[in-house]
Structure formats: C-alpha cells, structure tokens
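*Asks:* Got a structure here, written out as structure tokens. Questions coming.
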Amino acid sequence: MKYRILSQEELELLEDDLKAFLIVNGVHGDEWTEMNKFNPVRAVELVELFSDTVLQKVYDKIRFIEHRSQKSCMVFNLKDDKIDLISINANEDGIDLTTPESIHEALSLKAGSLSIFRTEKMYLKDRAAEIHEMLEQGCVNSSEAFWMQLEKVV
C-alpha cells in the first residue's frame, strides 16, 4: 500500500466508483460478497489498491495546502518540481494565526511582531508521497487566492 486505506465514510461516498473499479478488476456483486466471506485478505488488497488509486488522483490535483496553529501559518504551493512556502510566525503571545480574519488582523496591526519568510525546496520523494505525508501531519487543502494574498505581503 502506497498511501492509506480510505475510511468507511470515504468508501461509502465513493461506492459507485468502487463498484466500477471492482468490475474492471473482474469482481462483480455476488463475487465481492463471497470474497469478503471466504478471501477477506484479497478483498482488503482490492480496497487498498482502490484507495491508492483514488488518493493518487487527488494528490495529483492538489496545488495548495496549509498548516495553521496559534503561533504559525504555513502555506505551501505544490508545484510539479518543488514546494514553495510562505510562513508567518508570531514572535509574542496574544497573536492568533488560526483563522483568515486573525491572520489579517495580525498582519495589519501587529506586523512588527511577526516573522514572515518565503522559501522553496525540491521534493525529496515523489510529489504525491510528500503531499500525503504533509496531509498526515495535519496540513489541509488551501486555495490559490489565499496564497496570492500572502504573496502580496511578502
């Protein structure tokens, strides 16, 4: 398994896609039921393969992710060959960087108490594997608009 197995909730949302995937792999309705009873290891292998396929497609489309905490906001631009980062860090207590509004307030009213930097790095693994790792560490999907707003500040 390259990434992770999809949760039950995710699989339920993708039920029609899973059925189509199983059919392409030669497993039809009754066969799937029997496989789950008599060959659960093979059934799990197919769900793992389906999960990896879905996640690969998702990771290929992701362009911006972010990680926010009370004292830091990091926004990543996931290019084909490298990752660009804009990072804002609070240098004193009382600054909140967890919401767009509080980030805007900090940039407007307390800019002198912030460290802002931009950097880039090449992928150490393949792009999708690094995105997966970053999401597992707490990053969430972000937007190009948010990136562009921060880019103006830097």
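*Asks:* Among the residues of segment 44-78, which ones are out of contact with any Lys or Arg (no Cβ under 9 Å at 6 or more places or on another chain), under 17 Å from A20 (Cα atoms) and aliphatic (A, V, I, L, M)?
*Replies:* Those that are out of contact with any Lys or Arg (no Cβ under 9 Å at 6 or more places or on another chain), under 17 Å from A20 (Cα atoms) and aliphatic (A, V, I, L, M): V44, L46, V47, L49, V54.
*Asks:* Report, by residue number, each residue of segment 1-54 that is of a type in the set (G, A, S) and under 29 Å from Q137 (Cβ atoms).
*Replies:* If the condition is that a residue be of a type in the set (G, A, S) and under 29 Å from Q137 (Cβ atoms), then S7, S51 are the ones that fit.
*Asks:* Oh, and also: Within segment 11-30, track down each residue that is surrounded by 13 or more Cβ atoms within 10 Å (Cβ to Cβ) and either within 26 Å of H132 (Cα to Cα) or not hydrophobic (A, V, I, L, M, F, W, C) (or both).
*Replies:* Selection gives L11, L14, D17, L18, K19, F21, L22.
*Asks:* What number of residues within segment 122-154 satisfy the criterion of being part of a helix (DSSP H, G or I) and either within 10 Å of the chain's Cα centre (by Cα) or among the basic types (K, R) (or both)?
*Replies:* So the answer is 10.
*Asks:* Would you check if V27 is touching a residue at least 12 places away in the same chain (Cβ under 8 Å), part of a loop (DSSP other than H, G, I, E, B) and in contact with a Leu (Cβ under 8 Å, 6 or more places away or on another chain)?
*Replies:* yes
Values quoted throughout were computed directly from the atomic coordinates according to the rules given, and no laboratory measurement underlies them. The model shown is predicted, which means the values in this text are computed figures rather than measured ones. In this analysis, Cβ positions are derived from the backbone assuming ideal geometry, glycine residues included, and neighbour counts consider all displayed protein chains.
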